[in-house]
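> Questions regarding the structure given below will be posed in turn.
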Amino acid sequence: MAKDNFKRSKPTALLDDENDSGSIKPDSPDETMRKRRRFLQSGGALIGVAAAGAAQSLAHAATPDATAPQTLAAIPDSMRAPGTPIGTQPYGTPSPFENRVVRNVPANQTQYWSSTSRSPLAELDGIITPSGLFYERHHAGVPAIDPAKHRLMVHGLVERPLVFSVDELRRFPSVSRIHFLECSGNPVYKKPYGKTASDLVGLVSCAEWTGVTLATVLKESGLQSNAKWVVAEGADGAGMTRSIPIEKCLEDALLVYSQNGERLRPEQGYPVRLFLPGFEGNMSVKWLRRLKVTDAPVYSREETAKYTDLLPSGKARQFTFYMEAKSIITSPSGGQQIPDPGFVEIRGIAWSGHGKVAKVEVSVDGGKSWSEAVLQEPVLTRALTRFRFAWQWDGIPTVIQSRATDDTGYVQPSFGDLLDVRGDNSYYHNNAVQPWQIAADGSVSNANV
Ligand SMILES: Nc1nc2c(c(=O)[nH]1)N[C@H]1C(S)=C(S)[C@@H](COP(=O)(O)O)O[C@H]1N2
Ligand SMILES: [Mo]
């Protein structure tokens with residue numbers, strides 16, 4: 001490695017970033033590379049961590065030929081000819097170099113009666129899940145529904161039973177809100193445990209949802225005084241049916257027709273779905289065709305045989321509704337590799353069905369000590385929240401994990417604490433802390449085996 005004798009024109013290490021635009025003359029590739037090394041080496045000082053491995057940082061990373069200064073100085077092929085014209089692909093898709101970033105679909109999933117695909121959490125940045133990578137959970141596959149023929153009926157304990165077309169629903173005042181959606185079987189309690197963040201917790205995603213509030217539509221029908229529940233039914237082969245307390249329907253429930261700016265994808269309930277912020281995903285009925293207002297829940301299959309948890313006492317937890325506070329480190333996470341000792345930004349996501357994430361703590365010593373991570377803006381109600389934690393890995397094997405606290409003061413439990421309370425008959429609603437083992441070679445794996 002060449003000696004770093006580059007003279008800096010700016011006094012602080014931060015300004016010495018390769019993004020520095022202080023000089024008019026562009027840097028030569030040599031200078032750019034020296035600056036990059038300087039930034040990584042100074043990482044320890046910048047974050048105030050005096051780790052032994054800090055000085056070496058990433059600076060001794062091998063230099064592949066393609067980025068050698070003499071190669072970089074040459075005009076690249078992309079500058080020698082015009083690019084692809086507009087219009088060859090009117091609906092844009094990701095770069096072909098990113099074609100490994102797809103939903104995590106279990107192998108041999110040939111049946112249609114219970115299918116899932118998971119978001120590739122470790123590949124994603126920020127808090128919005130692209131629609132094509134949003135997790136899926138179908139009980140009878142994805143129905144093909146013509147929006148022109150689709151209708152939503154509102155009946156039961158109402159003043160005026162009404163039937164709406166999709167266009168009629170779109171005429172109501174619209175709202176757009178960013179919220180996560182999570183399946184309550186994310187992850188299940190049973191072995192074998194997953195290997196990657198996606199295997200374990202990939203049944204959570206977050207999007208901007210647009211629609212009309214359910215309160216607006218119920219007001220249009222007029223609720224009778226004994227209206228206590230609303231039973232929602234899907235137009236798929238499963239006829240998914242769930243009972244929702246009227247309070248939730250009037251608080252923040254949405255009839256959603258768009259996701260991330262465009263119409264819902266078929267997988268997410270096109271042309272209209274119910275969306276209940278913070279509630280277990282199962283209740284956000286897709287391909288919504290019927291809302292029956294009642295004075296009692298219907299005790300459908302999904303709220304008796306399924307989505308209930310049998311406790312050690314023999315009683316079952318039913319109508320759990322809210323997804324509790326949870327977090328997971330997505331980088332570095334299971335299946336990934338830390339290339340070298342030195343600076344590592346630990347990154348992850350946290351969320352709570354009860355409200356906002358108030359705090360995320362990170363432990364890099366197997367749970368002995370915890371430090372507060374930075375919550376990246378925006379921190380929204382019932383939305384994924386991104387956290388970041390600057391770390392110097394010294395090359396010694398360790399266990400890293402994150403722990404979320406929400407604005408009700410609820411703290412995410414360890415797996416052991418959760419099992420103590422729920423026992424091992426529980427199947428759904430596992431929000432335990434997820435520890436990752438880091439080996440001496442930097443490889444990361446699930447510490448729960
Ligand atoms: N009609 C209908 N609605 C449904 C389902 C279904 O199979 N049919 N699956 C439920 C479950 S279990 C979950 S977790 C969420 C998944 O929503 P997504 O596929 O948009 O991620 O939808 C819920 N709504
Ligand atoms: Mo689910």
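The values are calculated or read from the model by the stated rules, or taken from the named source; none is laboratory data. None of these values were measured; they are calculated from a predicted model. Cβ atoms come from the backbone with ideal geometry, glycine included; neighbour counts cover every protein chain shown. SASA here: full protein model, heavy atoms, side chains in, ligands and nucleic acids out. Shrake-Rupley method; radii C 1.70, N 1.55, O 1.52, S 1.80 Å.
> Principal axis extents for the stretch 115-317, Cα atoms only, whole Å, descending order, please.
Cα extents, longest axis first: 52, 45, 29 Å.
> Can I get the semi-axes of the chain's equivalent ellipsoid? Compute them from the C-alpha gyration tensor as square roots of 5 times the eigenvalues, in angstrom, largest first.
Semi-axes (√(5λ), whole Å): 46, 28, 19.
> Rounded to a whole number, what % of the accessible area of the chain do carbon and sulfur atoms account for, probe 1.4 Å?
Heavy-atom surface of the chain belonging to carbon and sulfur, 1.4 Å probe: 54 percent.
> Leaving out ligands and nucleic acids, note down the accessible area per residue over the chain with a 1.4 angstrom probe, in whole Å².
Heavy-atom SASA per residue in the chain reads 49 Å².
> What percent do you get for the relative contact order of the chain when only Cα pairs under 8 Å and 6+ apart count?
15
> Turning to a different aspect of this structure: Would you check the accessible area of Lys195, probe 1.4 Å, heavy atoms only, in square angstrom rounded to 10?
150
> Using a Förster distance of 35 Å, how high is the FRET efficiency between Tyr112 and Ser445, based on the Cβ-Cβ distance and rounded to 0.05?
For R0 = 35 Å, the calculated efficiency reads 0.60.
> Then there is this: Which entries of Lys315/Lys356; Lys228/Lys248; Lys219/Lys292; Lys149/Lys286; Lys195/Lys326; Lys248/Lys292 show an alpha-carbon separation above 21 angstrom in the structure shown?
Going by Cα-Cα distance, Lys315/Lys356 fall outside the 21 Å limit.
> Any idea how far apart Asn99 and Leu311 come out in nm if each label point goes 7 Å out from Cα toward Cβ?
Result for the modelled spin labels: 5.2 nm.
> What is the stretch 369-449 by shape, rounded, prolate or oblate, if you read a ≥ b ≥ c off the alpha carbon gyration tensor as root eigenvalues and call it rounded for a/c under 1.5, prolate for a/b larger than b/c, and oblate otherwise?
Because a/c hits 1.5 or more and a/b fails to exceed b/c, the stretch 369-449 counts as oblate.
> To the nearest 20 debye, what is the magnitude of the charge dipole of the chain about its Cα centre, counting +1 on the Cβ of each Lys and Arg and -1 on the Cβ of each Asp and Glu?
Its charge dipole is roughly 660 debye.
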